[in-house]
Amino acid sequence: RYQTEDKCAEQLCCWVRQYRKYTLEGACASYIPALQHVNQSQLGICIIGHNGEVIKAGEADVTFTMQSISKVISFMAVCLDKGVSYALERVDVEPTGDPYNSIMRLELKKPSKPFNPMINAGAITIASLLPGTTKEEKFDSLLELLAKLLGRHPKVDETVFMSEWNTAHYNFALAHFLKAEGFLECEVEEALYVYLRQCAIEVTTEDLARIGLILACDGYHPLKEKQMIHPELARLTKAIMLTCGMYNASGKFAAFVGAPSKSGVSGGIMTAVPSRIHKATPFHNGCGIGIYGPAIDKAGNSVAGVKLLEHISKEWELSVF
Ligand code: GLN
């Protein structure tokens, strides 16, 4: 039996109420000083279905910075401009069991090609490859793709940007190492300006759900009836999200949620749920999900957000497997 939209919205509100308690098990990212004092008890979700139905629960309309979720957009922007093989010559597509900002294994690996575009080493390299000759042009090219997907021009949270710029010691270390190894196509400061600025772009759960939906539909925007991203690139991006998108918790996430997702340390999660047309469960034609829950775990993923997604995935059979 298909569930009505109202019934789904009602269930979602109930699950958000039930899972909010897990926000107490995490903490807001403190290494970026501006994120430290956010209210950690927030939990919000937005789901956009194939026919444009939007359902929300909890703090779904709060704005927060994209952080690592922006790595999905920069990767696609580089592939769209320079081609997939160009990008993959410089960044691999293998998961690592290490934290997102780890430098350790890069040195052991020769050549030190970053493992994938979803960890910081890969994303800083990708930022340096964005089209444009100046850091502003590079950032604008990413923003342009994002604006196209969102249907609006997002803003940068200057406080978060400056706060991270002043304290990004691990990222500076990574960028200098990558520069020395010949992976950056611009200066260290320029690559980091672009990377840290993309991390500080403001979004809502609805924005994330919209991008998730487009990816779920292999790059096709079902509401605008327009192909926005080449299907092959959308599939590649989803494969990288599934294997690397939740960092060193990607395996568990694939096992217990089973849908390509990307998280960020601000507590956002963007999920693309492809169609499972043989099912009679809600959103079986595919959907995009955006989550916000700023209390994160050691791997950098929203604690309550992951728990909530596990529950929804089980109830509505969202897994691609
Ligand atoms: N801006 C953050 C960093 O580079 C992004 C990391 C994340 O969201 N996991 O540390």
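Any read-out appearing in this document is the output of simple, stated calculations on the displayed coordinates, not a laboratory observation. For clarity, every value in this text was computed on a predicted model and none was experimentally measured. FYI the Cβ positions are ideal-geometry reconstructions off the backbone, even for glycines, and counts take in every protein chain you see.
A few comments on the model shown:
- Each label was represented as a point 7 Å from its Cα along the Cα-to-Cβ direction; for A280 and C13 these points are 2.7 nm apart.
- Relative contact order (percent, whole number), the range 1-73, Cα cutoff 8 Å, 6+ residue spacing: 28 percent
- Paired Rg and Dmax values of the range 24-130, which use every Cα atom, in angstrom: 17.3, 49
- Förster radius 30 Å - calculated FRET efficiency between A239 and L108, Cβ distance, rounded to 0.05: 0.75
- Inverse of mean 1/r across different Cα pairs in the range 194-296, Kirkwood, Å: 14.1 Å
- Of the GluC sites (Glu not before Pro) found in the range 221-316, those that fall in a DSSP loop while having at most 15 other beta-carbon atoms within 10 Å are E225.
- For E158 and T63, the difference between the fully extended length at 0.36 nm per residue and the C-alpha to C-alpha distance is 32.8 nm.
- The listed peptides 265-271, 138-144, 105-111, ordered by packing as a protection proxy, come out as 265-271, 138-144, 105-111 (highest mean of other Cβ atoms within 10 Å first).
- Note that the range 169-248, at 4 °C in a medium of 1.567 mPa s, gets a Stokes-Einstein diffusion coefficient of 86 µm²/s from its Kirkwood radius over C-alpha pairs.
- Ranked packing of 126-137, 72-83, most packed first, by mean Cβ within 10 Å: 72-83, 126-137
- The phi torsions of the range 117-123, fed into the Karplus equation with coefficients 6.51, -1.76 and 1.60 and a -60° offset, translate into couplings of x, 9, 9, 4, 4, x, 6 Hz, rounded to whole numbers, with Gly and Pro shown as x.
- When the inverse distances between all different Cα atoms of the chain are averaged and flipped, the Kirkwood radius reads 19.3 angstrom.
- Calculated FRET value between E89 and N39, using beta carbons and R₀ = 51 Å, to 0.05: 0.70
- Number of Lys-Lys pairs in the range 6-105 with C-alpha atoms under 24 Å apart and a separation of 8 or more places or on different chains: 4.
- Each 5 Å bin, from zero up to the one with the longest distance, holds this percent of the alpha carbon pairs of the range 67-199: 2, 11, 22, 26, 21, 12, 5, 1, 0.
- Structure-based [θ]222 nm, the chain - -39500 (n - 2.57) summed over DSSP H runs of at least 4, per residue, nearest 500: -13500 deg cm²/dmol
- Estimated vicinal HN-Hα couplings, Hz - the range 140-150 in sequence order (Karplus 6.51, -1.76, 1.60; Gly, Pro = x): 4, 5, 5, 4, 5, 5, 4, 4, 5, 6, 7
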